[in-house]
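Derivation of every value follows stated rules applied to the coordinates shown; laboratory data play no part. Given the structure is predicted, the values throughout are model-derived calculations rather than measurements. Glycine also receives a Cβ, built like all others from the backbone with ideal geometry; neighbour counts cover every protein chain displayed.
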Amino acid sequence: MLSSGRLGATIGVQPESELPIPEEAPIPPLSGPPVVAVQAGHWEASALPDELAKLRASTGAVYGKVREVDINLAVASSLAKMAQAEGWKVLLLPSTVPPGLRADAFVAIHADWGESPSLRGWKVAPPWRASPASRRLAESIADSFASEKSLVEDAAGVTIGMRGYYAFSYRRFVHATSPFTPAVVLELGFVTNPEERRSLTADPDYWAGIVLRGLETYIASEDRSRDADFRPAVYPWVAARDDSVFLRQGASSLSRRLWRLDPGGAAMPVDESGDWLEVFLPARRATGWVLKSEVDKAPPPYRPFNFPTSGDR
């Protein structure tokens, strides 16, 4: 991320409008030892392919002489060594992702930047319309971080940019993970926070160890034969039944109202929780939650979505 921004403006931040994954097509299972891909965010960004040329100048957050890219590479390199010691096949990746990358897990390592030095905390996000395996991977890593009592979670800090990280955007870019690769992007902490900056630069093995524990939990639970686990979720478009439907901040009737959902416009679901759907509103570049009982299926917009792309952060 740039020294003045966060992941919210990442190329490909919007959810995919369609998923070209025939339900009847089997997913070829991986074989051999677990394959773990670890990406050091912003590393060798200048070598990104032409389709991601706008990200070539993205060197990551900078605070004084401390560079995010150096933190990312140190933690990713340490994690790669630890994972190799587990007997796993490990791919240490720069900014460029091999086309259609298949792996048991893909983890992009980043660190954050904030306007205030008081901002702190870790966060992890799977892609839009995540597969069950991507969700479990994110949960396993989150649980590992949560077990560290000295760390705090920046739970409200997960942005649409994290969920639409370019390495997930296989419909837009050739150099992206396969839709069947469980994937997450992780922000370790803030380089602008004095305490986190000291820890991030002084002890990459500590941070790598936390991620490794999450990966161990996930790999131990993985069953490569469970085809459905690796398929991204697919939801039909929806529209409000009437003009009394509001989007809420969370999946609860007690959660704060955000905006009224226009019954005349289709919204794109990107997640669900019980009786609730999370929908993406392109005009606001934001999401909100709505009860499934308050919406009906709707045709997608007449014009296909041509989502804008922008600088990395």
Inset, instruction - Please work out how much length the chain gains when fully extended from Asp203 to Asp143, using 0.36 nm per residue of separation minus the C-alpha to C-alpha distance, in nm with one decimal. - result: 19.6 nm
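If packing is taken as the average count of other Cβ atoms within 10 Å, what order do 113-119, 185-191, 228-234 fall into, highest mean first? Each step should come with its number before you reach the end.
On the way: 113-119: 14.6, 185-191: 26.7, 228-234: 17.0.
Going from most to least packed, we get 185-191, 228-234, 113-119.
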Inset, instruction - Go through Ser293, Gly265, Gln249 and say which Cα lies farthest out towards the positive end of the charge dipole of segment 238-297; charges sit on Cβ, +1 for Lys and Arg, -1 for Asp and Glu. - result: Gln249
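By count of other Cβ within 10 Å, fewest leading, how are Thr177, Thr192, Thr201 ordered?
Values: Thr177 27, Thr192 22, Thr201 16.
By the 10 Å Cβ count, ascending: Thr201, Thr192, Thr177.
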Legend entry - Dipole magnitude (debye, nearest 20) for the chain, charges at Cβ of Lys, Arg, Asp, Glu: 580 debye
Inset, instruction - Kindly point out which whole DSSP H helices in the chain project their C-alpha atoms 18 angstrom or further along the helix axis while averaging a Kyte-Doolittle hydropathy of -1.0 or above. - result: 68-85, 132-146, 204-221
Inset, instruction - Please compute the net charge surrounding Ala103, taking Lys and Arg as +1 and Asp and Glu as -1 over other residues with Cβ under 12 Å from its Cβ. - result: +1
Inset, instruction - With the cut-off at 21 Å, report for segment 183-303 the share of all Cα pairs above it, as a whole percent. - result: 58 percent
Legend entry - Peptides 178-184, 292-298 ordered by average Cβ neighbours within 10 Å, highest first: 178-184, 292-298
Legend entry - Estimated inter-spin distance, Lys65 and Lys297, nm [label 7 Å along Cα→Cβ]: 6.2 nm
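Near Ser131, within a Cβ-to-Cβ distance under 10 Å, what is the net charge of the other residues, with Lys and Arg +1 and Asp and Glu -1? Walk me through the intermediate numbers first.
Values: positive: Arg129, Arg135, Arg136, Arg231; negative: Asp229.
In short, +3.
Could you work out [θ]222 nm for the chain from helices alone, using -39500 (n - 2.57) per DSSP H run of at least four and dividing by all its residues? Round to the nearest 500 deg cm²/dmol.
Values: 5 runs with 64 residues, N = 313.
Counting only the DSSP helices, I get -6500 deg cm²/dmol.
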Legend entry - Proportion of all alpha-carbon pairs of segment 238-297 beyond 20 Å (%): 9 percent
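Over the Cα atoms of the chain, what is the Rg over Rh ratio if Rh follows Kirkwood?
Rg/Rh for the chain comes to 0.96.
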Inset, instruction - Sort Phe168, Phe173 so that the residue with the fewest other Cβ atoms within 10 Å of its own Cβ comes first and the one with the most comes last. - result: Phe173, Phe168
Inset, instruction - Please arrange Glu139, Glu195 by counting, for each residue, the other beta carbons lying within 10 Å of its beta carbon, fewest first. - result: Glu195, Glu139
Inset, instruction - Measure up Lys54/Lys123; Lys65/Lys89; Lys54/Lys297; Lys89/Lys292; Lys89/Lys123; Lys149/Lys297 against 32 Å on the Cα-Cα distance and list the ones that go over. - result: Lys65/Lys89; Lys54/Lys297; Lys89/Lys292; Lys149/Lys297
Legend entry - Most mobile of Ser199, Ser78, Ser134 in a GNM of the chain (Cα contacts under 10 Å): Ser199
Inset, instruction - For segment 119-186, run through the trypsin sites (Lys or Arg not before Pro) and keep only the ones in DSSP coil with at most 16 other Cβ atoms within 10 Å of their Cβ. - result: Lys149, Arg171
Legend entry - Protection-proxy order for peptides 25-37, 81-93, each taking the mean of Cβ atoms within 10 Å per residue, highest first: 81-93, 25-37
